[in-house]
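> Here it is, the structure, as structure tokens.
The values are calculated or read from the model by the stated rules, or taken from the named source; none is laboratory data. Note that the structure is predicted; figures quoted are calculated from it, not measured. Please note: Cβ atoms are built from the backbone with ideal geometry, for glycine as well, and neighbour counts cover all protein chains shown. In case anyone asks, the SASA skips ligands and DNA or RNA and just uses the protein heavy atoms, side chains included. Shrake-Rupley method; radii C 1.70, N 1.55, O 1.52, S 1.80 Å.
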Amino acid sequence: MDKIAEKLGMNPLDLRLNHLALPYSQTANHLTITTTGLEECLQAVAERATFRQRYGQLPTGRGLGLAASAYITGATHPIYANQMPHAGVQLLLDRGGGVTVFCGSTDIGQGSDSILAMIVAEELGLGVQDIHVVTSDTALTPVDLGSFSSRVTLMTGNAALAAVRRIKTKLLQTASRVLRVEQATLTFADRRVSSSENSKRSIAFSDLVKLAEAEHGTLGSTGSYTPPERGGRYRGAVLGPSPAYTFSACVAQVQVDLESAELVVEKIWLAHDVGRALNPRLVEAQVEGSVYMGLGEALMEEQIFRRGLHQAPSMLDYKSPTFLEMPEIETILIESNEPEGPYGAKEAGQGPMLSIAPAVANAVYDAVGVRIDETPITAAKIFQALQLKSKGAVARIGPTHMPTVVYPELLQLESQWGKPAPMTNRKIEGLG
């Protein structure tokens, strides 16, 4: 994108802003975009980093780079073909007013257990300390497809909402009868159920649970989530469709030593369209974790083999950033309120890392005028490119050509604009 902008004589920010996908639109390969906050992400990082004022204006050796990215929030198609839900939750209410949440999803540090507790607590007006979460025990919990593809908050969150709202219906029926008020006036807050029209019409949640159990029997419920059917009808169309997509924008500020070619990333500004931040502090930590991963990919991590043996077989040799190598990070959360997500939430686990490497590469070009078109971006590669530049050669390091690929006969897809794309006809087995 930056190379195109340079040839057109455009600011790279303007080029991106002029080519944004619209909310609630369809891509050429039939992916359905719902909400998108990419424009807000781009504007936010540009403003915070004063990108327009400083891009191309810093002293030689220092530069700014911009990049943007998109990512799925889980996949609409399961990893193994079946028609069953992708996530499930079971709830059990006890007579003391506590709630146990059973879910198969695994918290691998991203905070999904906390999100499950918060969703149930929010719906029932309880504190998170009133919620007991049981996860990852296949002897007790419903099946969950796993903690991958940044799917857990949206999918298990929706399953939790379905379960808690189902049990909430019974609680409302009992509360309406006991308090002699309409269900529509009842609210759950501060461990009580109260009428919004008459504050004296109120009952403690724990007392309501006892009365509801006497009326309905043991109080438990289940909820599940199956993504909407999305994507085209062609071979390979199962890859890419998602209930929702997140968008990120990043500005990297770097310094390159003109003699040693040593690269230092001084600061990262990153804006992420999270849909809605259910726990802003947790989301910020997720975004910053993505920056760690993205910088590791951009600067250090590489698979090198010699005679079939990996040259960095352990974390002692295969380097990734520590807190000593991390720059200052400024995180900006953009909320677009996604209708497919619980309370409007989308993913925040993997999406923010995707724009880091290209932003750093673009910043290196702004700093010293060389293109490093492969990762990791090392001092050796920058030095080699600077040598080429000094000789008047193309100052670029990276692959010289696309790999040779034998492509199958092209398919003809109907585009979102109603006209078929100019491709060769080909029948697809099972579709005619």
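> Test of understanding: in a Gaussian network model of the chain with alpha carbons linked when under 10 Å, which of ARG48, ARG180, ARG276 would top the mean-square fluctuation ranking?
In this elastic network of the chain, the residue with the biggest mean-square fluctuation among ARG48, ARG180, ARG276 is ARG180.
> Kindly provide the pair-distance distribution of the range 167-249 built from C-alpha pairs, with 10 Å bins from 0 and whole-percent values in order of increasing distance.
15, 32, 15, 15, 18, 6, 0
> Round to the nearest 10 and give me the degree value, 0 to 90, for the angle of helix 112-124's Cα axis relative to the longest principal axis of the chain.
For helix 112-124, the angle is close to 40 degrees.
> What's the angle, to the nearest 10 degrees (0 to 90), between helix 379-390's Cα axis and the longest principal axis of the chain?
Between helix and principal axis, roughly 40 degrees.
> If you don't mind, another one. How large is log10 of I(q)/I(0) for the range 14-153 at q = 0.12, 0.15, 0.19 Å⁻¹ when the intensity is taken from the Debye formula with one equal scatterer per alpha-carbon?
-0.75, -0.92, -1.10
> Follow-up. Given +1 on the Cβ of Lys and Arg, -1 on the Cβ of Asp and Glu, and no further charges, what dipole in debye does the range 350-407 carry about its Cα centre, rounded to the nearest 20?
On the way: 5 positive and 3 negative charges, 43 e Å.
Using only the charged Cβ atoms, the result is roughly 200 debye.
> What list of ³J(HN,Hα) values in whole Hz, one per residue of the range 131-148 in order, does the Karplus curve 6.51 cos²θ - 1.76 cosθ + 1.60 (θ = phi - 60°) give from phi, with Gly and Pro shown as x?
10, 10, 9, 10, 10, 6, 9, 5, 7, 10, 9, x, 6, 10, 6, x, 9, 8
> For the range 317-326, just list the computed ³J(HN,Hα) in residue order, Karplus coefficients 6.51, -1.76 and 1.60, θ = phi - 60°, integers in Hz, with x standing in for Gly and Pro.
9, 8, 8, 9, x, 10, 5, 6, 8, 7
> Additional query: Using amide H atoms built in the peptide plane, which far-off residues or other-chain residues are under 5 Å from ILE397 H to H?
So ILE397 has HN proximity to ARG371, ILE372, ASP373.
> Can you give me the three principal axis dimensions of the chain from its C-alpha atoms, in Å, biggest first?
Principal-axis extents of the Cα atoms in the chain, largest first: 87, 57, 47 Å.
> Out of ALA68, ALA163, ALA204, any idea which swings most in a Gaussian network model of the chain, alpha carbons joined below 10 Å?
Comparing ALA68, ALA163, ALA204 in the GNM, the peak value goes to ALA204.
> Shifting gears a bit: Kindly report, to the nearest 10 Å², the accessible surface of ARG306 as traced by a 1.4 Å probe over protein heavy atoms only.
150 Å²
> If LEU299, LEU219 are ordered by their accessible area, calculated over protein heavy atoms with a 1.4 Å probe, which sequence runs from highest to lowest?
On the way: LEU299 45, LEU219 0 Å².
The most accessible residue leads, giving LEU299, LEU219.
> Among THR222, THR141, ILE268, whose Cα lies farthest out toward the positive end of the dipole of the chain, if unit charges sit on the beta carbon of Lys, Arg (+1) and Asp, Glu (-1)?
Selected residue: THR222.
> Now a separate question. Can you sort HIS19, HIS30, HIS310, HIS272 by 1.4 Å-probe accessible area, starting with the largest? Please report the intermediate quantities before stating the final value.
Numbers: HIS19 130, HIS30 30, HIS310 55, HIS272 0 Å².
The residues order as HIS19, HIS310, HIS30, HIS272, largest area first.
> Please state the charge dipole magnitude for the range 93-140, taken about the Cα centre, from unit charges on C-beta atoms (+1 on K and R, -1 on D and E), reported in debye and rounded to the nearest 20.
About 80 debye.
> Still on this structure: Checking the a/c ratio against 1.5 first, then a/b against b/c, what shape does the Cα gyration tensor give for the range 342-415?
oblate
> Just the number, please: percent antiparallel of the DSSP beta bridges in the chain, rounded to the nearest 5.
Among the beta bridges of the chain, antiparallel pairing accounts for roughly 75 percent.
> Once you keep just the Cα pairs under 8 angstrom separated by 6 or more residues, what percentage relative contact order results for the range 157-228?
Result for the range 157-228 is 41 percent.
> Would you please give the residues with an amide H less than 5 Å from that of VAL134, counting only those at least 5 places away or on a separate chain, with H modeled from the backbone geometry?
VAL101, PHE102, CYS103
> Among ALA28, ALA252, ALA121, determine the one that fluctuates most according to a GNM of the chain built with springs between C-alpha atoms less than 10 Å apart.
Looking only at ALA28, ALA252, ALA121, the largest GNM fluctuation is found for ALA28.
> Just the accessible area per residue of the chain, please: how many Å² with a 1.4 Å probe?
I get 52 Å² per residue for the chain.
> Please list, in order along the range 399-404, the HN-Hα scalar couplings obtained from phi with the Karplus expression 6.51 cos²θ - 1.76 cosθ + 1.60 (θ = phi - 60°), rounded to whole Hz, x for Gly and Pro.
Taking θ as phi minus 60°, the curve returns x, 8, 7, 6, x, 6 Hz for the range 399-404.
> Hey, another quick one. Could you give the angle, 0 to 90 degrees to the nearest 10, between helix 205-216's Cα long axis and the longest principal axis of the Cα atoms of the chain?
Compared with the principal axis, the helix lies near 60 degrees.
> Remind me, what semi-axes does the range 21-68 give for its equivalent ellipsoid, largest first in whole Å, using sqrt of 5 times each Cα gyration tensor eigenvalue?
Here the semi-axes work out to 32, 12, 6 Å.
> Across the chain, where is the longest run that never hits GluC sites (Glu not before Pro) in a DSSP loop with at most 16 other C-beta atoms within 10 Å?
1-181
> Of GLN286, ILE304, GLY231, whose Cα points farthest to the positive end of the dipole of the range 231-309 (charges on the beta-carbon: +1 Lys, Arg; -1 Asp, Glu; origin at the Cα centre)?
GLY231
> Taking the alpha-carbon distance from LYS391 and a cut-off under 30 Å, which lysines remain once sequence neighbours fewer than 8 residues away in the same chain are dropped?
LYS3, LYS7, LYS381
> Report the relative contact order of the range 100-154, percent, no decimals, based on alpha-carbon pairs under 8 angstrom and at least 6 residues apart.
Relative contact order for the range 100-154 comes out at 51 percent.
> When the Kirkwood radius is taken over all Cα pairs of the range 258-405, what Stokes-Einstein diffusion coefficient follows at 20 °C and 1.002 mPa s, in µm²/s?
The Stokes-Einstein estimate is 123 µm²/s.
> If you don't mind, there's one more thing I want to ask. List the residues whose amide H sits under 5 Å from the amide H of THR226, counting only those 5 or more places along or on another chain, with H placed 1.01 Å from N in the peptide plane.
Sorted by chain and number, the residues that satisfy this are HIS86.
> Let me ask you something else. Under a point-charge model restricted to the Cβ atoms of Lys and Arg (+1) and Asp and Glu (-1), what is the dipole moment magnitude of the chain relative to its Cα centre, in debye to the nearest 20?
It works out to roughly 800 debye.
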